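Enquirer: Sharing a structure with you now.
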């Protein structure tokens, strides 16, 4: 976003689709259709033709917490109607 007035890159790689949508809404992307666009599932690309963005892969970010801090209640204590 800092380079919007003076772009320094021709391509953007490695961003989440949500970040690409933000760049698109801010007018920082130009449409491009790769030669194999038909092979890219519609759920992994912008719906416009040519698309403003498309995905190269699908990943998952995880958040894990070790057993530090507040301990979970036993399952029996969480059941509705228990006194």
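Enquirer: Could you look through segment 1-22, keep only residues that are surrounded by 10 or more Cβ atoms within 10 Å (Cβ to Cβ), touching a residue at least 12 places away in the same chain (Cβ under 8 Å) and within 20 Å of the chain's Cα centre (by Cα), and pick out the one that is farthest from residue 43 (Cα to Cα)? Write out each step before concluding.
Expert: First pass over segment 1-22, keeping only residues surrounded by 10 or more Cβ atoms within 10 Å (Cβ to Cβ): 4, 12, 15-17, 19-22.
From what's left, touching a residue at least 12 places away in the same chain (Cβ under 8 Å): 4, 12, 17, 20-21.
Narrowing the set further to residues that are within 20 Å of the chain's Cα centre (by Cα) leaves 12, 17, 20-21.
On the way: 12: 19, 17: 11, 20: 14, 21: 14 Å.
Among those that are surrounded by 10 or more Cβ atoms within 10 Å (Cβ to Cβ), touching a residue at least 12 places away in the same chain (Cβ under 8 Å) and within 20 Å of the chain's Cα centre (by Cα), it is 12.
Enquirer: Can you report the number of residues in segment 31-42 which are surrounded by fewer than 13 Cβ atoms within 10 Å (Cβ to Cβ) and touching a strand residue (DSSP E or B) at 6+ places or on another chain (Cβ under 6 Å)?
Expert: 0
Enquirer: Which number in (1) exposed (fewer than 10 other Cβ atoms within 10 Å of the Cβ); (2) under 30 Å from residue 2 (Cβ atoms); (3) modelled with pLDDT of 75 or more marks the one condition that residue 61 misses?
Expert: Unmet for residue 61, out of (1) exposed (fewer than 10 other Cβ atoms within 10 Å of the Cβ); (2) under 30 Å from residue 2 (Cβ atoms); (3) modelled with pLDDT of 75 or more: (3).
Enquirer: Now, a different point. Can you pull out every residue in segment 7-47 that is outside any helix (DSSP H, G or I) and in contact with a helix residue (DSSP H, G or I) (Cβ under 9 Å, 6 or more places away or on another chain)?
Expert: 12, 15, 28, 29, 45, 46
Enquirer: Can we say residue 82 is modelled with pLDDT of 90 or more and in a loop (DSSP other than H, G, I, E, B)?
Expert: no
Enquirer: A further question follows. In segment 48-58, which residues are under 24 Å from residue 7 (Cβ atoms) and either without any contact (Cβ under 8 Å) to a residue 24 or more places away in the chain or not in a loop (DSSP other than H, G, I, E, B) (or both)?
Expert: Quick first cut of segment 48-58, residues under 24 Å from residue 7 (Cβ atoms) only: 48-56.
Result: 48, 49, 50, 51, 54.
Enquirer: Can you tell me which of (1) out of contact with any strand residue (DSSP E or B) (no Cβ under 6 Å at 6 or more places or on another chain); (2) without any contact (Cβ under 8 Å) to a residue 24 or more places away in the chain is the one residue 28 doesn't meet?
Expert: With (1) out of contact with any strand residue (DSSP E or B) (no Cβ under 6 Å at 6 or more places or on another chain); (2) without any contact (Cβ under 8 Å) to a residue 24 or more places away in the chain applied to residue 28, the lone miss is (2).
The values are calculated or read from the model by the stated rules, or taken from the named source; none is laboratory data. Quick caveat: nothing in here was measured; it's all calculated off a predicted structure. With ideal geometry, Cβ positions are generated from the backbone for all residues, glycine too; neighbour counts draw on all protein chains shown.
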